[in-house]
Structures are given as structure tokens and as C-alpha cells.
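Below: the structure, in C-alpha cells.
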């Protein structure tokens, strides 16, 4: 069995403060082979790593990140450029663009780090994926959703639309994957990722399907469990 990419969700959200350089560094030390993060754009155009739209300043009121300059954010919030420098040339980065305005800055950061080929930009909107593909043909794209459509024809249509938009991956919640869901993905020549693989039974099931990448919050547990299950085969 080829080991899937082991993505540390937000750097391993259950062990360290999420989306921080400390979390990402620790995830790599623990054996993560991929990193996942969220990006937003500041008022002065800097792409930073943060899930929520707003942030507390000095422990008081919450302010939108989009309304703040980079220098006004807490020091713990890193830039995408800092993560690219930390992760090195071989680590895939799965990126959830929480702010559509962050696209251009994300591409610019990837270009500056010579890293476009290892960025996976994720969206649930096929039209958005198509816009990204038209704007930048070198970056990897990922259709990310909660679950596949329940109807087989609708699923096939969704997968074809994602492929036509330039996506290379379909990414569903781990517990939603089945062999029936996987079949049209493989027929379209796409890879399959599984997010929220935080349960051993669910993780085992997606590994049995031959999934190509898994996301989890506990990096040490993810690495140990995947390798233990592989050794038992």
C-alpha cells in the first residue's frame, strides 16, 4: 500500500494552537507529510494564516482581519510566506481560501517560493475552481465538500465538472467516502482526499479504499495509526 499524504489539519489543531508556526513545525517533526491551513488577506494585501474572519486585539474587541494591516495582527498569526519557508520544497500545502481576495496573494507567495506545484487550493465551488484555473494553470486545485451527492448521476456530474474545471482532487469528509463514491473519481483520473479522519475506524476504512490523502488534527496519532495499519497488511 502506498502511504497517503498525511495532512496536519491547521498544523495539528488538537496539540498546538492552530495555524501557528509552532504547530506547523511540530507537525513536521511528528511525521506529517502534508500541511493544511486557511488563508485570509489583510487590509494591506498580506496573506496570513487564520481560520476565523475576525481576531481579538489586546484581548478586547474582535476586528475583521480584512480591516487590519499585517502590523496590527497578533504576532502569533503567520504569513503564508513564512509557512512556505518553513515547510521546504517537498511538503504539499492544502489551502482553504477563506477570503476570495487572498487568491492573488497566495499565487504570488507560491511563485516567490517556487512552490506553486505543491499548493492545493480547495473550494466547494466549481465555478471558483474554474476561475482559479483560468488565472493560474500551474497551481493544483481541489474540490472540497462535506459529502458526495447521494444520487449517482449527480455525483458523476459533480466529478466531471470538477475535472473540467481543472481540479486534480476530490476531497470529502472521511466518513462519507464509499467505493461507489470513489468509482467516478477514479474514472475521471482524479485523486481522492479525506478530511476529518480523526477516528481510527473511519481512517482504516478510507485507507482500505486506497485514498490518496488524509487530514487529521492529531498528527502523532495519525502517523502512528497509518503506519501500524500498513504494517498489519
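Rundown of residues vs (1) under 13 Å from residue 19 (Cα atoms); (2) in contact (Cβ under 8 Å) with a residue 12 or more places away in the chain; (3) buried (at least 20 other Cβ atoms within 10 Å of the Cβ), yes/no style:
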site: 48; (1), (2), (3): yes, yes, yes
site: 54; (1), (2), (3): no, no, no
site: 57; (1), (2), (3): no, yes, no
site: 61; (1), (2), (3): no, no, no
site: 66; (1), (2), (3): no, yes, no
site: 69; (1), (2), (3): no, yes, no
site: 94; (1), (2), (3): yes, yes, yes
Exercise. Given the conditions (1) in contact with a helix residue (DSSP H, G or I) (Cβ under 7 Å, 6 or more places away or on another chain); (2) at pLDDT 95 or above; (3) over 18 Å from residue 196 (Cα atoms), and given that residue 65 satisfies all but one, which numbered condition is not satisfied?
Worked result: (1)
For this session: Sort out which residues of the stretch 142-159 are part of a helix (DSSP H, G or I) and under 16 Å from residue 124 (Cβ atoms), and write them in order of number.
Result: 154, 155, 157, 158, 159
Problem set entry | Checklist (1) within 19 Å of residue 78 (Cα to Cα); (2) buried (at least 19 other Cβ atoms within 10 Å of the Cβ); (3) in contact with a helix residue (DSSP H, G or I) (Cβ under 8 Å, 6 or more places away or on another chain) applied to residue 141, failing item | (1)
For this session: Consider only pairs whose beta carbons are under 9 Å apart and that are at least six residues apart or on different chains; among these, list those whose first residue lies in the stretch 180-200 and is on the phi > 0 side of the Ramachandran plot and in a helix (DSSP H, G or I) and whose second residue is at pLDDT 95 or above and surrounded by fewer than 19 Cβ atoms within 10 Å (Cβ to Cβ).
Result: none
Exercise. Do the conditions hold for residue 117, that is, is it under 18 Å from the mean Cα position of the chain (by Cα), exposed (fewer than 14 other Cβ atoms within 10 Å of the Cβ) and either within 22 Å of residue 27 (Cα to Cα) or without any contact (Cβ under 8 Å) to a residue 24 or more places away in the chain (or both)?
Worked result: yes
Seminar exercise, completed: If you go through 23, 27, the only one that is farther than 17 Å from residue 174 by Cα, in a helix (DSSP H, G or I) and touching a strand residue (DSSP E or B) at 6+ places or on another chain (Cβ under 6 Å) is 27
Exercise. Of the numbered conditions (1) closer than 27 Å to residue 27 by Cβ; (2) more than 21 Å from the chain's Cα centre (by Cα); (3) surrounded by fewer than 16 Cβ atoms within 10 Å (Cβ to Cβ), residue 73 satisfies every one except a single condition; which is it?
Worked result: (3)
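Look at residue 164 and say whether it is modelled with pLDDT of 95 or more, under 24 Å from residue 211 (Cβ atoms), surrounded by fewer than 16 Cβ atoms within 10 Å (Cβ to Cβ) and over 17 Å from the mean Cα position of the chain (by Cα). If you could, list the steps in order and put the result at the bottom.
Working: modelled with pLDDT of 95 or more: yes; under 24 Å from residue 211 (Cβ atoms): yes; surrounded by fewer than 16 Cβ atoms within 10 Å (Cβ to Cβ): yes; over 17 Å from the mean Cα position of the chain (by Cα): yes.
Here the answer is yes, as residue 164 does meet what is asked.
The values are calculated or read from the model by the stated rules, or taken from the named source; none is laboratory data. Worth saying up front: this structure is predicted, and the values here are computed from it rather than measured. All Cβ positions, even for glycine, are placed from backbone atoms using ideal geometry, and neighbour counts span all protein chains on display.
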